[in-house]
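Enquirer: Provided herewith is a single structure, encoded as structure tokens, for subsequent inquiry.
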Amino acid sequence: MSENQPKVIMLVGPTASGKTGLAIQLAQALKTEIISADSRYLYRQLNIGTAKPTEQELSQVRHHLVDCADLDQPWSIGQYKEEAERLIQRLNKDGKIPVLTGGTGQYIRAIRQNWQIPELEADTRLRHTLEIIGEKIGFETLYENLRVMDPTAADFIDYRNHRRTVRALEVIFKTGIRFSQIRSKDESPFDSLIIGLHWQREELYQRIDNRIDRMLDGGFIEEVRDLVSNGYKEPLLRMGVIGYTEVIAFLDNQIDLEETKTLIKRNTRKYVRRQANWFKPTDPEIHWLNAQDPAILEKMLDLVRDHFKAN
RNA sequence: GCCGAGUUAGCUCAGUUGGUAGAGCAUUCGACUGAAAAUUGAAGGGUCCACAGUUCGAGUCUGUGACUCGGCA
């Protein structure tokens, strides 16, 4: 690793694994700051249901990329990567090794693998049009069109995945270039230490269940009711935020409270399993630590020392 | 005690006129380049309550037993 490579500590793990608290402790010990890698912490309007760090927690250590967007102006992977990388650079200039933490695997991987993301903002109208066409002519036919224009992209996109098919076509139509040609990976410009928090599934599921019960008893329903009355129902449903979707159904009298709880728990477990695809036990770069180890903070500090001592 | 209904995957249940079984949910694994807490693919898992009988062949028909749930006494 070269001397001038900006350094970053990534703290990853599934939802409810304890990242928030440990990141704060770690950042305090290292006198540094936290960069969130959570696609739902970005939005000011989302709080209890996303288990966002509390005011009190946020005041302990400087956090970045939390509460920086509005629900009606959603961020994206491209924007996230740009901002996060800028922050990593800047904090390094101040002599700090930032702690990048969050559960959005795509964001983390984009930085780790230095994804070159097509610089093309989402065109909601075009997407909508393509979806309508897909429904008319059949998504298989739409997909066949993609195969003709960009066979490579068709190879890595499942024809049943409408959303990805539509995005690929969107890029092709708007740029005239094949989707598979504009996206790429690159060597990471950062010297990163990646620490993962490991839990047994059963225990994690239990923690999640408890956390959801606490959210629902702790004002989550009121939070969603306020959002709905402030006109955020549409963006919330479109975005598909676990918890919010189910509570909206509850407020609309489509399901009762018991069912709401069950559904949120079920969907959160599914999310945990999807997250595990981004943070794999077999990933050679992730230093997995047992999340329940009482000495975990010391172990993290050891890892930091060992990893960065060379430079 | 009598009458009725039932017993099939971890759970809830399908299973057509007999040809050794399916769905949803759950569980597990995978994909992911400007919506990603999104979107999406795949897999594992059943001595079909037990025993006997009819039949070339029984989850399916017959008998007996066990258990469950209703109703009546």
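The values are calculated or read from the model by the stated rules, or taken from the named source; none is laboratory data. What you see is a predicted model, and the numbers here were worked out from it, not measured in a lab. A quick note on method: Cβ atoms are made from the backbone with ideal geometry, for glycine too, and the neighbour counts reach across all protein chains shown. The area values use the complete protein model at the heavy-atom level, side chains included, leaving out ligands, DNA and RNA. Shrake-Rupley method; radii C 1.70, N 1.55, O 1.52, S 1.80 Å.
Enquirer: Can you name every residue in segment A:163-196 that is assigned to a helix (DSSP H, G or I) and either buried (at least 18 other Cβ atoms within 10 Å of the Cβ) or in contact with a strand residue (DSSP E or B) (Cβ under 6 Å, 6 or more places away or on another chain) (or both)?
Expert: Once the filter is applied, which keeps residues that are assigned to a helix (DSSP H, G or I) and either buried (at least 18 other Cβ atoms within 10 Å of the Cβ) or in contact with a strand residue (DSSP E or B) (Cβ under 6 Å, 6 or more places away or on another chain) (or both), segment A:163-196 yields A:Thr165, A:Val166, A:Arg167, A:Ala168, A:Leu169, A:Glu170, A:Val171, A:Ile172, A:Phe179, A:Ser180.
Enquirer: Quick check on segment A:204-217: of everything there that is in contact (Cβ under 8 Å) with a residue 12 or more places away in the chain, farther than 15 Å from A:Thr260 by Cα and not hydroxyl-bearing (Ser, Thr, Tyr), which residue is least open to solvent (accessible area, probe 1.4 Å)?
Expert: That would be A:Leu204.
Enquirer: Would you confirm whether any residue within segment A:273-280 is closer than 27 Å to A:Ala29 by Cα, polar (S, T, N, Q), at pLDDT 95 or above and not in a helix (DSSP H, G or I)?
Expert: no
Enquirer: On to the next question. Restricted to segment A:38-65, and to residues that are more than 11 Å from RNA strand B (Cβ to nearest atom) and in a loop (DSSP other than H, G, I, E, B), which residue is most open to solvent (accessible area, probe 1.4 Å)? Spell out the reasoning first.
Expert: Filtering segment A:38-65 down to residues more than 11 Å from RNA strand B (Cβ to nearest atom) leaves A:44-45, A:54-65.
With in a loop (DSSP other than H, G, I, E, B) added as a condition, the list becomes A:44-45, A:54, A:61-62, A:65.
On the way: A:Arg44: 111, A:Gln45: 28, A:Thr54: 70, A:Val61: 9, A:Arg62: 138, A:Leu65: 17 Å².
Ranking the candidates gives A:Arg62 first.
Enquirer: Given the conditions (1) more than 10 Å from RNA strand B (Cβ to nearest atom); (2) touching a residue at least 24 places away in the same chain (Cβ under 8 Å), and given that A:Gln275 satisfies all but one, which numbered condition is not satisfied?
Expert: The one condition A:Gln275 does not meet is (1).
Enquirer: Can you name the number of the only condition in (1) within 30 Å of A:Gly18 (Cβ to Cβ); (2) assigned to a loop (DSSP other than H, G, I, E, B); (3) among the hydrophobic types (A, V, I, L, M, F, W, C) that A:Ile108 fails?
Expert: For A:Ile108, the exception is condition (2).
Enquirer: Among the residues of segment A:15-32, is there at least one that is among the charged types (D, E, K, R) and part of a helix (DSSP H, G or I)?
Expert: Yes.
Enquirer: Moving on to the next point. Looking at (1) over 21 Å from A:Ile212 (Cα atoms); (2) open to solvent by less than 50 Å² (accessible area, probe 1.4 Å), which is the one condition that is false for A:Thr20?
Expert: Answer for A:Thr20: the failing condition is (1).
Enquirer: Could you tell me how many of the residues in segment A:259-289 are surrounded by fewer than 17 Cβ atoms within 10 Å (Cβ to Cβ), closer than 28 Å to A:Ile9 by Cβ and of a type in the set (Ser, Thr, Tyr)?
Expert: 2
Enquirer: Just one of A:Leu146, A:Leu169, A:Leu130 is free of Cβ contacts under 8 Å to residues at least 60 places away in the same chain and more than 22 Å from A:Trp75 (Cα to Cα); which is it?
Expert: So the residue among A:Leu146, A:Leu169, A:Leu130 that is free of Cβ contacts under 8 Å to residues at least 60 places away in the same chain and more than 22 Å from A:Trp75 (Cα to Cα) is A:Leu146.
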